[in-house]
Amino acid sequence: STIIESGATVVIPDGKYLLDGITQTLHIICDVDSKAADFVVPASYNGEVIRVGEDRANYYSYNMNVTLPNTYKPTGSNFAGTGSTGVRIANLNSSTVKFGRINYFENLLLIGGIGAGNAYNKFYLNMLAYGKKLLSIIPDVGGWANDNKFFGGTLQIQSVSGVRLAGFYQLYIDGTNSTVADNEFFGVSLEGAGADDLIYMKSAINNKIY
């Protein structure tokens, strides 16, 4: 395996950024400082907006410190069935990521290694709302997601009169490609009455929610 440490910090000034011209994923493999920025994504964009960490097999980003902007589509944008993803964490090790709010994507936040994995990271969540799968841990083929810590945040799914929505999940873990193990969740709030299941786990062991 090849370990790559971040060699620079990108500072994103405060403000609202309209990503009208986005055509592909914004790939982050360095430190990022973005405490009060908003990335507004066109309602028609159905790809992945932000990817953090290496995405080559057997390569890792190591010891990164990333504070992400709020990332969302305009209020009321359709997200179900679009295949869109707000933020994906790829191959990341021993790093800290602080998320802004993520709204109006089918998959809001996806933890999924690509030919390598995610381990020993600290993830500080924000508001995840208006999506089908709010926080997903789904390793790709050859990837994994083990021994990570998740702190705080609100995972919210609402529906009319509390009707359960098929295919909607607040925390979705699928270890079909690689068993998901030993992740810990501290003070993560699951809110609303609309989820098919609040928590779905398959091929997952020793994951703890406090």
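The values are calculated or read from the model by the stated rules, or taken from the named source; none is laboratory data. On a predicted model such as this, the values are computed, not experimentally measured, just so you know. With ideal geometry, Cβ positions are generated from the backbone for all residues, glycine too; neighbour counts draw on all protein chains shown. Calculation scope for accessible area: heavy atoms of the full protein, side chains included, ligands and nucleic acids excluded. Shrake-Rupley method; radii C 1.70, N 1.55, O 1.52, S 1.80 Å.
Tabulated results
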item: Chymotrypsin sites (Phe, Trp or Tyr not before Pro) lying in DSSP loop within the stretch 90-151, provided at most 16 other Cβ fall within 10 Å; result: Tyr120
item: Unit charges on C-beta of K, R, D, E only; dipole of the chain, Debye; result: 280 debye
item: Accessible surface of Met201 - all protein chains present, 1.4 Å probe, nearest 10 Å²; result: 80 Å²
item: Relative contact order (percent, whole number), the chain, Cα cutoff 8 Å, 6+ residue spacing; result: 14 percent
item: Part-to-part distance (alpha-carbon centres) for the stretch 164-178 and the stretch 75-153, which is given in Å; result: 12 Å
item: Under 16 Å, Cα to Cα: Lys pairs in the stretch 1-131, sequence gap 8 or more or different chains; result: 4
item: Solvent-accessible area per residue, Å², over the stretch 1-53 with all protein chains present [probe radius 1.4 Å]; result: 57 Å²
item: Area accessible to solvent at Asp14, 1.4 Å probe radius, in Å²; result: 110 Å²
item: Given 14 as the ceiling on other Cβ atoms within 10 Å, longest exposed-site-free region of the chain for trypsin sites (Lys or Arg not before Pro) in DSSP loops; result: 57-163
